[in-house]
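For reference, the structure is listed below as structure tokens.
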Amino acid sequence: MQICTKNEQVNDNLIGAARVVPHQVSLIKLSKTQLKVLQSIMPDEKVTAEKIAERCELSCSWASTLLKTVWERGYLVRGGYVRMNGGLEFVYSSV
């Protein structure tokens, strides 16, 4: 998935759509930290919040929150499994 860089021109259709429904732009726009998390995931790689926390120097809980947000915005695929000691762990991969 191609992510717009800082100096890249934004598509005119996207600008037009953002002007029509400005209250929904936050549903697709990623913060700098969310973008850092997304870019740290290699194509076809499956990661957990713990792995992202190590890579991006974040707490596990913050990494988990960021991954969930990026997933909710449609940039990641999420699967989960039950840990042996109980609890659910989510695994994320790029779309």
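Per-residue SASA remark: Lys68, around 90 Å² accessible (1.4 Å probe; ligands, DNA and RNA not included). For region 34-95, evaluate the Debye formula with one uniform point scatterer on each Cα (no solvent term) and list log10 I(q)/I(0) at q = 0.17 Å⁻¹, rounded to two decimals. For the requested q values the scattering log ratios are -0.50.
Taking the average, over residues, of other Cβ atoms within 10 Å as the packing measure, peptides 42-51, 79-88 rank 42-51, 79-88 from highest down.
The values are calculated or read from the model by the stated rules, or taken from the named source; none is laboratory data. Computed from a predicted structure; not experimentally measured. Reconstructed Cβ throughout: ideal geometry from the backbone, glycine too, with neighbour counts over all protein chains shown. These area figures cover heavy atoms from the full protein model, side chains too; ligands, DNA and RNA do not enter into them. Shrake-Rupley method; radii C 1.70, N 1.55, O 1.52, S 1.80 Å.
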